[in-house]
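Asks: Pasting a structure below so you can have a look.
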Amino acid sequence: MESATAGLRQQIVQEITSSGGSISFRRFMELALYDPTHGYYASGKAVLGKNGDFFTSVSVGAIYGRILASVCREVWEILGQPEEFIIVEQGANDGAMAHDILGFIGAFEDSFARSISYLIVEPFEVNASRQRKKLCDHRNVSWLSSVADLPPFIGIHLSNELLDAFPVHSLRWDGENWEEECVGQVDNELTWIVHPIACEALASLAKELPSDLPAGFRVEVNPGLNPWLNVMFEKLRLGLVLTVDYGQAGVDRYAPHRADGTLLAYKGHRRFTDLFKAPGDHDITAQVDFTALARSAREIGFEILGYNDQHHFLVGAAESWLRSLGDFSDRSDAAQKELRALQSLLNPGSMGIQFKAIGLGKKLPTGKPLSCFKYQRPGKDALNY
């Protein structure tokens, strides 16, 4: 075990001891990912792509950023082409998505390009440094350490695989009640320890969960969603919050094959369920409960503009570009490369169905759906439970 990992493990054990024998899984996940010195994300260990720990839609190719740029332009047009249009990105990792979006927008040198300011929300300097290096040719980019620091803005907030990294509580249904799965130490090994739910706020969230599941069914609860949505609603004057992530909604969230929950760890393109081995050395994720996200968003005041799997989201958003390519036998090498990347993003066997996109609007004119939500699959009705 690396010394850095050992140091974080020792810190976790100390917290377990001082807390009377266990800590919440949410606290464990927070330390494993965001401890300033040893956390997987905070310390800069997270690397995407072929030579990293996992692929994202961004790492497949620049086509993903190109399509998101077209979504940004469409929102700008719907809002009446404001002179200042803010694109906020949160969870930017190395800055590749911003690079692709800004590169495509800047190539036109038109009024839309001139209206753009790009704000990256990045709390960790090691990541901000990578982003500055990647985006050194773009002068309209600035950085903030949290969404609370955002100015009131008109525009769009983008995130790709952000919410799956929010620290979560792990709950287990015992047949009559929801219990909390905490992290303790037995025989010098970190392990699960089950307790009755003691936190009143967590108990309130558990009341939103179904009670007709088989005993032993596990789910994750994300208390960070509501505060995040509240800040976004406060800061966004008018526009769109668009987030893409993997997860489920409605009855699909409680399908029998998810009985053991959705928590997974990733390292070197391998996924595994031993979350406690070498904390800080690998990614930990929990799939997004889009029903809970939509419920909170509606209560805060957002309008749900659409809920799509990535396949239908990208087909709608890219349709005009695809039609412009003309004869399928007459394409440039660059267009062929982009189409191959798009095929990977659309593939129903992997990214196309696994990833979902949800649009949360505030005072956004809705005469017709955004192109990315033109083809609704599974659609907003799937968010109900």
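The values are calculated or read from the model by the stated rules, or taken from the named source; none is laboratory data. All of these numbers come straight from a predicted model, not from anything done at the bench. Counting neighbours? That spans all protein chains shown, and the Cβs are built from the backbone with ideal geometry, glycine included.
Asks: Just to check your reading of the model, which residue among ALA335, ALA382 is at pLDDT 90 or above and more than 22 Å from LEU158 (Cβ to Cβ)?
Replies: Step by step, each of ALA335, ALA382 is checked, and only ALA382 is at pLDDT 90 or above and more than 22 Å from LEU158 (Cβ to Cβ).
Asks: Show the residue pairs meeting these rules: Cβ distance below 7 Å; 6+ apart or different chains; first residue within the range 77-88 and within 24 Å of VAL147 (Cα to Cα); second residue at pLDDT below 95.
Replies: Close Cβ pairs satisfying both conditions: none exist.
Asks: Next up: Given the range 281-385, what helices (runs of 4 or more DSSP H) lie entirely inside it while holding 2 or more residues that are under 25 Å from GLY224 (Cβ atoms) and of a type in the set (D, E, K, R)? Give the derivation first.
Replies: Working: elements: 290-300, 310-324, 333-346, 351-354.
Hits in the range 281-385: 290-300.
Asks: With the checklist (1) over 22 Å from ALA286 (Cα atoms); (2) in contact with an Asp or Glu (Cβ under 7 Å, 6 or more places away or on another chain); (3) not basic (Lys, Arg) in hand, flag the one item LEU158 doesn't pass.
Replies: Looking at each condition in turn, LEU158 falls short on (1).
Asks: Just checking, does the range 96-107 include any residue being modelled with pLDDT of 95 or more, part of a loop (DSSP other than H, G, I, E, B) and out of contact with any Cys (no Cβ under 7 Å at 6 or more places or on another chain)?
Replies: So far as the range 96-107 goes, no, none of its residues is modelled with pLDDT of 95 or more, part of a loop (DSSP other than H, G, I, E, B) and out of contact with any Cys (no Cβ under 7 Å at 6 or more places or on another chain).
Asks: In the range 154-189, what count of residues is obtained for those that are over 30 Å from LEU242 (Cβ atoms) and touching a strand residue (DSSP E or B) at 6+ places or on another chain (Cβ under 6 Å)?
Replies: Number of matching residues: 8.
Asks: Looking only at the range 85-95, which residues are closer than 13 Å to VAL141 by Cα and either assigned to a loop (DSSP other than H, G, I, E, B) or not assigned by TED's automatic domain parsing to the domain that holds PRO123 (or both)?
Replies: ALA92, GLY95 - these are the residues of the range 85-95 that are closer than 13 Å to VAL141 by Cα and either assigned to a loop (DSSP other than H, G, I, E, B) or not assigned by TED's automatic domain parsing to the domain that holds PRO123 (or both).
Asks: Something else: Identify, by number, the condition in (1) at pLDDT 95 or above; (2) crowded, with 19+ Cβ neighbours inside 10 Å; (3) not basic (Lys, Arg) that GLY280 doesn't meet.
Replies: (1)
Asks: Could you list all residues from the range 176-199 that are touching a residue at least 40 places away in the same chain (Cβ under 8 Å) and loosely packed, with under 10 Cβ neighbours inside 10 Å?
Replies: Of everything in the range 176-199, just one residue is touching a residue at least 40 places away in the same chain (Cβ under 8 Å) and loosely packed, with under 10 Cβ neighbours inside 10 Å, namely GLU189.
Asks: PRO152 fails exactly one of the following numbered conditions: (1) within 15 Å of the chain's Cα centre (by Cα); (2) at pLDDT 95 or above. What is the number of that condition?
Replies: Checking PRO152 against (1) within 15 Å of the chain's Cα centre (by Cα); (2) at pLDDT 95 or above, the one that fails is (1).
Asks: Considering only residues of the range 255-265 that are buried (at least 18 other Cβ atoms within 10 Å of the Cβ) and not hydrophobic (A, V, I, L, M, F, W, C), which is nearest to ILE87 (Cα to Cα)?
Replies: THR262
Asks: Suppose we filter the range 187-236 for residues that are within 22 Å of the chain's Cα centre (by Cα) and closer than 30 Å to PRO152 by Cα; how many remain?
Replies: Here the count works out to 17.
Asks: Still on this structure: So, in the range 217-242, exactly how many residues are buried (at least 19 other Cβ atoms within 10 Å of the Cβ) and among the polar types (S, T, N, Q)?
Replies: The number of residues fulfilling the criteria is 1.
Asks: For GLU208, which of the numbered conditions (1) in the same structural domain as ILE78 (by TED's automatic domain parsing); (2) touching a helix residue (DSSP H, G or I) at 6+ places or on another chain (Cβ under 8 Å); (3) charged (D, E, K, R) fails to hold?
Replies: (1)
Asks: Which residues, counting only those in the range 200-211, are free of Cβ contacts under 8 Å to residues at least 40 places away in the same chain and surrounded by fewer than 19 Cβ atoms within 10 Å (Cβ to Cβ)?
Replies: GLU200, ALA201, LEU202, ALA203, SER204, LYS207, LEU209, SER211
Asks: Please tell me if VAL251 is farther than 19 Å from ALA297 by Cβ and surrounded by 18 or more Cβ atoms within 10 Å (Cβ to Cβ).
Replies: Against the criterion (farther than 19 Å from ALA297 by Cβ and surrounded by 18 or more Cβ atoms within 10 Å (Cβ to Cβ)), VAL251 does not qualify.
Asks: On to the next question. If we only count helices (runs of 4 or more DSSP H) wholly inside the range 1-83, which ones have 1 or more residues that are crowded, with 20+ Cβ neighbours inside 10 Å and among the aromatic types (Phe, Trp, Tyr)?
Replies: Here the list reads 25-34, 63-78.
Asks: Another one. Determine whether ASP35 is touching a Lys or Arg at 6+ places or on another chain (Cβ under 7 Å) and at negative phi.
Replies: No: the conditions fail for ASP35.
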